[in-house]
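Report on one structure; see the data block that follows.
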2 protein chains.
Amino acid sequence: MNFNNLSGIVPLDLASEILSLLEKQTFSKNHLLHKQGTICNHIYLVQKGIARTFFYKEGKDITVHIASEGELITAIDSVISLKKSRYNVELLEDSEILTISYKALQSLMEKHPEHEKYMRLILEQLYAEGADRIEEFLFYSAKERYDNLIKKRPHLINRVNLGHIASYLGITQETLSRIRKHP
Amino acid sequence: MNFNNLSGIVPLDLASEILSLLEKQTFSKNHLLHKQGTICNHIYLVQKGIARTFFYKEGKDITVHIASEGELITAIDSVISLKKSRYNVELLEDSEILTISYKALQSLMEKHPEHEKYMRLILEQLYAEGADRIEEFLFYSAKERYDNLIKKRPHLINRVNLGHIASYLGITQETLSRIRKHP
DNA sequence: TATACTTTTTGACAATTGTCAAAAAATGAA
DNA sequence: TTCATTTTTTGACAATTGTCAAAAAGTATA
């Protein structure tokens, strides 16, 4: 789901209200937008650059989510539940990030319930995207998942380390390297 | 997410309005609530019994979602997008199902925007559940996924065919049978 | 109970993916 | 450019999971 053009989703007058809550910041590569073990209060919109959510399993670093221009990223295991997060959110390039406090978004919806509808529409899309990703694991082999990723998000291939892409697809870097060799 | 007790989520006065939209029906085992190739207009709440969403990949039947008492099920690839669905929704037992038209739900929200908030809260939960399921594939082996399922939803084990559980976990029935033998 | 049908298990083997170590290639900074 | 560092590839081998066919176990119904 691409949020670069909110006007496709949210009416203009409401969009400007949301935009007033956004804080634009520039960070350099490797900066952590969010650190594991803390509660995550924010949602990040990548305006320029690229970010990933990852965490450690048995010492290994596993990428859960990747967001590039126009996409959202946050520690999803914390921002709704308000539990401490197991995730880190890291920038893979120097990036421009719009930050929104989830609390501020909730207050906005309290005050102006007409925003609720657009939050729902966004969540519907995100939910459907999640369902698609689950399907990938159910129906496709490692090679097919990689091919599908290239088709859907070709810009990631040259901007994200192979190891991150591999763990995002649920395989090892070595396997992905071999998959790539035999097209 | 369990919807048997809506009162935990939705205030009572609104819950009753939603309940008035629900149509209760009894179906027997193997009935298809939804057939692939058609647009899905409904969301189903399983009150008694058990249902699964599945579809065919290369002749093989793959289970995408399983819902038992208090859980929702629908053809998620269709009900939001209004595209023709690839999914079937099938009952695995004689069941009591509450059916709600998604259009009716949308009209209700148009008329009474105070419902939007609860739809959003529900979607937030569903989204977080989807994220959990994706994690399962990223971090856990077949055996671990099965152990996690037993822990989270033990009641499914004796009510759903091994083959359905296996494809839901992304493995073959033979592999699951062997996993079960070596605890 | 006997029979037909469905579901689960097992065996033999193949294919896929993982692990560990090291080499090669690419990248970045001095 | 050179050197150090990071990333990607490769090799040898192991572990996991899949495939196909058949047997065994379980279930439903006459």
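Values in this text are rule-based calculations from the coordinates and carry no lab data. Remember, it's a predicted structure, so these values are computed and weren't measured experimentally. Reconstructed Cβ throughout: ideal geometry from the backbone, glycine too, with neighbour counts over all protein chains shown.
Taking a sphere under 14 Å around the Cβ of A:Pro113 and counting the other residues whose Cβ falls inside, with K and R at +1 and D and E at -1, yields a net charge of -1.
Cα centroids of region A:157-183 and region A:57-81: 18 Å apart.
Once you list every other residue whose beta carbon is under 13 Å from the beta carbon of B:Leu126, what net charge do they have if Lys and Arg are +1 and Asp and Glu are -1? Numbers along the way, then the final one.
On the way: positive: A:Arg120, B:Arg120, B:Arg133; negative: A:Glu124, A:Glu129, B:Glu71, B:Glu124, B:Glu129, B:Asp132.
Overall, the nearby charge balance is -3.
Across the identical copies, the label point of A:Arg180 (7 Å from Cα in the Cβ direction) is separated from its matches by 4.1 nm, in order from shortest. Return the distance in nm (one decimal) between the two label points of a simple spin-label model at A:Lys181 and B:Arg133, each offset 7 Å from Cα along Cα→Cβ. About 3.6 nm, to one decimal.
How large is Rg over Rh for the protein assembly as shown, taking Rg from the Cα atoms and Rh as the Kirkwood inverse mean of 1/r across Cα pairs?
0.96
Computed over region B:6-108, the P(r) curve from all C-alpha pair distances, binned at 5 Å from the origin, holds 3, 13, 21, 24, 19, 12, 5, 2, 1, 0 percent per bin.
Considering all alpha-carbon pairs of region B:93-183, what whole percent are spaced by more than 17 angstrom? In whole percent, the long-distance tail amounts to 64.
Modelled spin-label separation between B:Asp147 and A:Glu174, with each label point placed 7 Å from Cα along the Cα-to-Cβ direction: 2.4 nm.
Normalised by the number of residues in chain A, what is the relative contact order in percent for Cα pairs under 8 Å and 6+ residues apart? Working shown, then result.
On the way: 288 pairs, mean separation 43.5, N = 183.
Relative contact order comes out at 24 percent.
Per-peptide packing, taken as the mean over residues of other Cβ atoms within 10 Å, places A:94-107, A:72-85 in the sequence A:72-85, A:94-107 from highest down. Projecting label points 7 angstrom from Cα along Cα→Cβ for B:Ile39 and A:Tyr102 puts them 3.4 nm apart.
Based on the inverse mean of 1/r over its pairs of different Cα atoms, what is the Kirkwood hydrodynamic radius of chain B, in Å?
Numbers: mean 1/r = 0.0572 Å⁻¹.
So the Kirkwood estimate lands at 17.5 Å.
Taking the label point 7 Å along Cα→Cβ, A:Ser107 and its counterparts in the other copies are spaced 3.9 nm apart, in ascending order.
Backbone phi angles across region B:119-130, fed through the Karplus curve with coefficients 6.51, -1.76 and 1.60 (θ = phi - 60°), yield HN-Hα couplings of 4, 4, 4, 5, 5, 4, 4, 4, 5, 5, 5, x Hz in residue order; Gly and Pro are listed as x. Between copies, the label points of B:Asp13, set 7 Å from Cα on the Cα→Cβ line, lie 2.7 nm apart, reported in increasing order to one decimal in nanometres. Residues of region A:84-122 falling in the label zone of B:Leu82, defined by backbone nitrogen less than 11 Å from a point 7 Å along Cα to beta-carbon, are absent.
Per-residue mean of foreign Cβ neighbours for A:133-145 is 4 (Cβ atoms of other chains, 10 Å radius).
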